[in-house]
Every structure is written in structure tokens, then in C-alpha cells.
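Here is the structure we will look at, set down as C-alpha cells.
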Amino acid sequence: MSAFAERCGVHDAAREASLQRIGRLVQAQGLELVRFAWCDVHGVQRGKTLVAGAVERALRDGIGMVSTLMLKDTSDRTAFKVFEPGGTASLPGFGFANNLLLLADPESFRQLPWTPATGWLRAQPYFQDGTPVELDTRRVLQRALAKLADAGFTLKCGLEVEFHIYRLDGTQPPDDPMQAAWPGPAPAVRLVHPGYNLLSEAWYDLAEEPLRIVQHTAQALGLPLLSLEIELGPSQVEAVFDATDALTAADNMVLFRNAVKMALRRAGYHATFMCRPPFPNIMSSGWHLHQSLLDARTGRNVFRRESPAPGTDASHAGHTLSEVGEQFLAGLLQHARGMAVFCTPTANGYGRFRPNALAPQSVLWGRDNRGAMLRVIGGCGDEATRIENRIGEPAANPYLYLASQVHAGLDGIARRLKAPPATDAPYAGAGESLPTSLGEALAALQADGVLCDAFGPGFVDYFTRIKRSEQQRFDAAEDRDDFERREYFSRI
């Protein structure tokens, strides 16, 4: 009988050679364990750890994964009634906590730098008949990028990721069995720098120890880290990465976020990608996504314009962006409210959209304007011309965030949309407001027929069901601060 990977249609001579190479690496490096990791709908890595001798078989035949892992809300509760008649009627192939199979990509292999003798592989889920699980968020982005390729383009993305690092303070509640809960209590923490001194070299020096761990972890994993910076908020930092193709950027974000949390935890620190940590004096963290379209054949940046369009000034998109670039920009604006829940998927994140906070409040674009939702950067003849979307929070699932950009931008191109004039007053109340809550963002997605069709009604129903569970528990919480400490600060 053929191996499962062959029945899935993913095994060929190149994969076989890669698989053999991993076998030699595991032996040569004396690795004892290999983690098979998968990214859930919330952008969190889950997986199984195999002993070295079991790796080759798992690469050929997959390893079992309970299907309810794809149905969890942020508290790790299953959002579907899997043991009741009709409980998973909207999810073909799911039911009764049945098994899926994780199949790993041998080319993703890395040795983890913070733990001894351990390798790592990225995996995706399949049904037992060999068909892919289309609800898998990495597959959602792969489908979006395939549509982009059909239009003759590829997407290039650069990441600017703000987050917070704290020093763990004494005995932690997760270590005390008397305080175990579902979800558990948040850790007690102290600052690594006092904040309110942007890019302070002195504050960087205070935070250098944990930032060195971030640096070494990212570089050992082969991630294209460019800089580490002190942000304005207490204990807030930022990591900036060089631009790559979109799928690699999303993979890098998942790996970076989960790796630095584990590496820092072992050294006595707590990293959180929660937008607004549960303390009175903080600054919100954003994830600023830089993006440009490339011609799939030549690699040329198709947002680049050689000279301003006739009759335009700096307030016109055509003064800086090509016709395709303006259409892509207009598509992002057209679907901003509908895409918001993919870019800011937690109840916590909507507190970021406030005036004069270097975060967007309205659906507007600006020329190098950090208060606008979309910031156009570059100029005529500049190959680095791009659009920066500032709507995202660092806890977002990268595959869904990037897929939303592709679908929105493609609609703008298909309909040849024109962008409105740039804003020079992003907090003056002009423009349509961004959603102010997770519930409003979910409603905006369901009202956006283009995005619902692009993601697929089945995926939108599935995603909405899981996020509604989170929103309902947030609304019902007697202490919402405690909810956010347990649900977000401890886990994301």
C-alpha cells in the first residue's frame, strides 16, 4: 500500500530527497526529538513531539491529530457540539472528535536553538482519505495566492511587529496546582524598560538581555531579522523583518512569535503579542504590514510609477502609485471593515483604534502618514514603493491577515477602483469608522459579500462561529480585565 503522503499527492522525488536529507541530519546532529507543529486558527502553534526514530515514518504516513483542535476558541474550549446530532453538520469530515492526519513539509526542517537535541517541522492537516483540510488557515492563504498568481502577480511583504516583553516575577501561578483554572491565571511580571522614551538607547541597554535572546533565536531559525527597537510603551519593543514573498512572511511570523515566547520563558521572561496588555499605563501594539505586488514573470514592482499621472498632485494616489497600485489601494479601502476581523481578531485589539495613537481610526489612506489606516511609501522611480497597512494587531493569524489583503486588493484591480484623495487629518472624523468591537467586525465581514465569496462561505461560517464564542464569553464576563489577562496575556 502506498504511503499516505503519496496518496495526498504531495510526495515526489524532490520530497523523497529532502526526507532522506533530514534523516541524515537528525543522525549527524544527534537529535533526540522532532516537533511536528501546526498553526491553529488563532495563529498559535500546536503539535506533537516524536522521538527521532519515528520521524521518517511520520513524514511518509502522517501523525494523528484530534479534529477538535481546529474548533477551539481562545480559551481552548471547543466551539462546536461535536458529540451532539448535527453539531458538526456544517463541517464535512468533522465529528465526534475524529482524527485528522498532520503531514509535515521536510523543507521546513529546523533545529531549535533554545532546547537541546530538538528539531522542528511545519505540518498541515489532511483528512484520512488524503484530501486536504480546506479550513486550515495556511491553505486559505495558499488558495488566495494561487488566485493572485492567476492574475499574473506575486505579493511581497515586510513585517514590523510590536510586542511586549516582561520579566517574570517570583513563583508563577501556572506552577501552583491550587490556582489551576481554565483558562489559567496570568503570570506576575515586571518591566524590562520603563517606557515613554521612544528609541531610547539607555532603555535598549536595560532590555538588552531579553532582546539578545530574541535576536539569537530569530537568527538561528533563519528569519530575516533587520532590527530590534525600543517602542514608546513600558516594556514594549519592535522587531522589523526584511521583505519576502507572502507565504514565507506568514510562516516566519508564526515561527517567530511562538519561538520567542518559548525561548524567553526559559530565561525568565514573558513575551506577549496581546495588543493591549492588562495594565493601566500601556501603549497598544500593532503589526504594520508592508506590501507590494510583483510581476510574476519579471519580478518588477508593479506599484512603482515612473512619473506622476497627468493632472495629479500629492493628494492623488496616481501621483505615487501605478494604476494597478491605486486599484489595489482602493480595494483595501473598500473592504477595510470586512477585513478588520482577520487583521484584529481579538476583543482586546479594538481598544487600539483611537485618536492620535499612531493607530488608525477611520478608513483612510495617506502619503507617508502614520495616522492613516493605509500609508503609501515611496515615490516615482522607487522600486521600494509600497502600501503599509496599519490595521493589524500582532496576535493576528498571519495567513488570514495576508489572505484578506490579497482578496481585497484583487477585487480593487478587477473592478478598476479609484482611490479617494489622501487624508492630511486622519483623526478629524472624516471617512468611514473602523469597527470598534469584535462583534461589529464579525458583522462587517458577514456583510462583505466579496470577502465572504473569496474566503468561502464555509470558512467564514466556521471562523465566525469560533470568534463569536470568544465575543460572547467576553460580553458575559463579570470582570473583563480578568478575562483578558487569562485569555490573551497568558496565551498570545
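The values are calculated or read from the model by the stated rules, or taken from the named source; none is laboratory data. Just so it is clear, the model here is predicted, and its values are computed rather than measured. Every residue, glycine among them, receives a Cβ derived from its backbone with ideal geometry; neighbour counts consider all protein chains shown. Side chains are part of the model used for accessible areas, which takes the heavy atoms of the whole protein and leaves out ligands, DNA and RNA. Shrake-Rupley method; radii C 1.70, N 1.55, O 1.52, S 1.80 Å.
The table for this structure:
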item: Test: residue in region 274-285 that is without any contact (Cβ under 8 Å) to a residue 40 or more places away in the chain, open to solvent by 30 Å² or more (accessible area, probe 1.4 Å), farther than 17 Å from residue 380 by Cα and not acidic (Asp, Glu); result: yes
item: Matching residues in region 86-122 - criterion: being open to solvent by 40 Å² or more (accessible area, probe 1.4 Å) and more than 24 Å from the chain's Cα centre (by Cα); result: 86, 89, 90, 92, 93, 96, 98, 99, 116
item: Search result, residues across region 47-77 that are open to solvent by less than 50 Å² (accessible area, probe 1.4 Å), closer than 24 Å to residue 129 by Cα and not in a helix (DSSP H, G or I); result: 50, 62, 63, 64, 65, 71, 72
item: The lone exception for residue 375 - which of (1) assigned to a strand (DSSP E or B); (2) open to solvent by 10 Å² or more (accessible area, probe 1.4 Å); (3) farther than 13 Å from residue 288 by Cβ it fails; result: (3)
item: Residue in region 36-45 that is surrounded by fewer than 16 Cβ atoms within 10 Å (Cβ to Cβ) and hydrophobic (A, V, I, L, M, F, W, C) present; result: no
item: Test: residue in region 14-23 that is open to solvent by 50 Å² or more (accessible area, probe 1.4 Å) and part of a loop (DSSP other than H, G, I, E, B); result: no
item: Test for residue 298: is it open to solvent by 30 Å² or more (accessible area, probe 1.4 Å), modelled with pLDDT of 95 or more and either hydroxyl-bearing (Ser, Thr, Tyr) or under 23 Å from residue 481 (Cα atoms) (or both); result: yes
item: Of residues in region 423-439 being outside any loop (DSSP other than H, G, I, E, B) and in contact with a helix residue (DSSP H, G or I) (Cβ under 6 Å, 6 or more places away or on another chain), the one surrounded by the most Cβ atoms within 10 Å (Cβ to Cβ); result: 438
item: Filter result (in contact (Cβ under 8 Å) with a residue 60 or more places away in the chain and open to solvent by 40 Å² or more (accessible area, probe 1.4 Å)) within region 441-457; result: 447, 450
item: Filter result for the condition that a residue is without any contact (Cβ under 8 Å) to a residue 60 or more places away in the chain, open to solvent by 20 Å² or more (accessible area, probe 1.4 Å), within 27 Å of residue 386 (Cα to Cα) and more than 24 Å from the chain's Cα centre (by Cα), over 199, 206, 228; result: 199
item: Flag for residue 83 being in a loop (DSSP other than H, G, I, E, B) and open to solvent by 70 Å² or more (accessible area, probe 1.4 Å); result: yes
item: Condition met for residue 266 (among the basic types (Lys, Arg), farther than 21 Å from residue 141 by Cα and surrounded by fewer than 21 Cβ atoms within 10 Å (Cβ to Cβ)); result: yes
item: Selection count where residues are open to solvent by 10 Å² or more (accessible area, probe 1.4 Å) and assigned to a loop (DSSP other than H, G, I, E, B), scope region 378-394; result: 7
